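Quick notes on the structure that follows.
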Amino acid sequence: MKNPKLDVLGLGTCNTDFLMNVSRFSCADDEVDIEKLRISLGGSAANFTVGVSRLGLNAGIMARIGKDQYGEYILSEFEQENINTDRLVSINEKTGMAFIAVEPEGERSIYTFMGANSKFKLENEDIAHIKRSEILHITGMYIEVVEEASKYANTLSFNPGALLSSYGLDNLGKILKRTDILFLNQKEVTILTGIGYHDGALKLVETGVTLVVVTMGNNGACVYNKSGQIHYPANKLNVLDTTGAGDSFAAGFITAFHQKKSLNECLKYGNESAANCVSKLGALDHLKYKFD
């Protein structure tokens, strides 16, 4: 179906992920056997968009892929997930890739090749697609694209990650004033604001962000707004792989938010989504059920 109205549109990186189970990380002049190798759809926007689609929302992806076998693979995976791919555009570049080594404790080491992701330019068709979407979620994208795309969002959800957070409040100020839901972990709040995560989150609310959501790993997550803060604890888990945990949390939170659940329930769904992610190998071997 062309020109649909979407619940959520994910804008950002799409990769082919090569996931490797290893006994330990290698160092210089070292060699480590790969115990298990898997190829999967990946990238922060892909992880998020597949997550919300599996949880029942009408979702679309906005990204750039290469005209190669890996781009064809990504397109096929999205189509199998019933995700709108009208603005998943193939260009004359190589598809982005990520090589992810995972230790037994679930820690990871990642090497990324941005490829076609780095050539994203917002086009008129992209702007029209954003305007037809109830929520725009931006993650893993360059600041120039975020600044332009955020102008057209009906509701803006933004996950800047460590890289964009390092630009600081002054450089991200215009984007933050447009942001309805901001996703950060504790470290990223400090990178962005220059102060501790609690005071930093309050400062972001003062800056104009409607909801500041801070993930805290084993300690759960908090949401801050003008009324104060709400904390939701995390259950103890057997962590196999942390790849995509933040994207999965955002998918659960946004699904509940779109369903007009309370903020406490949004945090709960986010935690449950992230918990399912870290208990599996790879970012997308989870969320195959709908929340009660």
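The values are calculated or read from the model by the stated rules, or taken from the named source; none is laboratory data. Please read these numbers as outputs of a predicted model, since none were measured by experiment. All Cβ positions, even for glycine, are placed from backbone atoms using ideal geometry, and neighbour counts span all protein chains on display. To get the accessible areas, we keep the full protein, side chains included, count just its heavy atoms, and leave off ligands, DNA and RNA. Shrake-Rupley method; radii C 1.70, N 1.55, O 1.52, S 1.80 Å.
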Margin query: Every residue in segment 256-270 that is among the hydroxyl-bearing types (S, T, Y) and out of contact with any helix residue (DSSP H, G or I) (no Cβ under 6 Å at 6 or more places or on another chain), please.
Written below: S262
Next item on the list: For segment 24-40, enumerate the residues that are of a type outside the set (D, E) and out of contact with any strand residue (DSSP E or B) (no Cβ under 7 Å at 6 or more places or on another chain).
Entry: R24, S26, C27, A28
Notebook entry, point to check: Going through segment 169-228 one residue at a time, which ones are hydrophobic (A, V, I, L, M, F, W, C), in a strand (DSSP E or B) and farther than 17 Å from T139 by Cβ?
Noted result: C222, V223
Notebook entry, point to check: What number of residues in segment 1-19 are open to solvent by less than 90 Å² (accessible area, probe 1.4 Å), over 14 Å from L41 (Cα atoms) and of a type outside the set (V, I, T)?
Noted result: 6
Check: Among all residue pairs at least 6 apart or on different chains, which show Cβ distances below 6 Å where the first residue, located in segment 202-225, is basic (K, R) and the second is at pLDDT 95 or above?
Finding: K203/T193
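Results for (1) under 20 Å from G56 (Cβ atoms); (2) surrounded by 21 or more Cβ atoms within 10 Å (Cβ to Cβ); (3) at pLDDT 75 or above, shown as yes or no for each residue.
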{"position": "G196", "(1), (2), (3)": "no, no, yes"}
{"position": "G200", "(1), (2), (3)": "no, yes, yes"}
{"position": "E206", "(1), (2), (3)": "no, no, yes"}
{"position": "S227", "(1), (2), (3)": "no, no, yes"}
{"position": "A256", "(1), (2), (3)": "yes, yes, yes"}
{"position": "L263", "(1), (2), (3)": "yes, no, yes"}
{"position": "C277", "(1), (2), (3)": "yes, yes, no"}
{"position": "F291", "(1), (2), (3)": "yes, no, no"}
Margin query: Out of G140, G115, I need the residue that is on the phi > 0 side of the Ramachandran plot, buried (at least 16 other Cβ atoms within 10 Å of the Cβ) and in contact with an Asp or Glu (Cβ under 6 Å, 6 or more places away or on another chain). Which one?
Written below: G115
Notebook entry, point to check: With L192, L156, L176 as the choices, which residue is within 20 Å of V52 (Cα to Cα) and either modelled with pLDDT under 95 or in contact with a helix residue (DSSP H, G or I) (Cβ under 8 Å, 6 or more places away or on another chain) (or both)?
Noted result: L156
Checklist line | Exclusive hit being surrounded by fewer than 19 Cβ atoms within 10 Å (Cβ to Cβ) and among the aliphatic types (A, V, I, L, M), set I39, I65, I61 | finding: I39
Margin query: I'd like to know if segment 102-124 contains one or more residues that are in contact with a strand residue (DSSP E or B) (Cβ under 7 Å, 6 or more places away or on another chain) and within 13 Å of L11 (Cα to Cα).
Written below: yes
Next item on the list: Would you tally the residues in segment 143-162 being among the polar types (S, T, N, Q), crowded, with 17+ Cβ neighbours inside 10 Å and not in a strand (DSSP E or B)?
Entry: 2
Check: For T95, are the conditions met, namely being among the hydroxyl-bearing types (S, T, Y), crowded, with 20+ Cβ neighbours inside 10 Å and in contact with a helix residue (DSSP H, G or I) (Cβ under 8 Å, 6 or more places away or on another chain)?
Finding: yes
Next item on the list: Can you give me the ranges of the strands (runs of 3 or more DSSP E) entirely in segment 2-107 with at least 1 residues that are β-branched (V, I, T) and closer than 30 Å to T155 by Cα?
Entry: 6-12, 15-22, 59-66, 84-91
Next item on the list: Can you tell me which residue within segment 229-247, out of those that are in contact with a Cys (Cβ under 7 Å, 6 or more places away or on another chain) and at pLDDT below 90, is surrounded by the most Cβ atoms within 10 Å (Cβ to Cβ)?
Entry: G244
Notebook entry, point to check: Any residue in segment 120-127 that is assigned to a helix (DSSP H, G or I) and within 30 Å of I39 (Cα to Cα)?
Noted result: yes
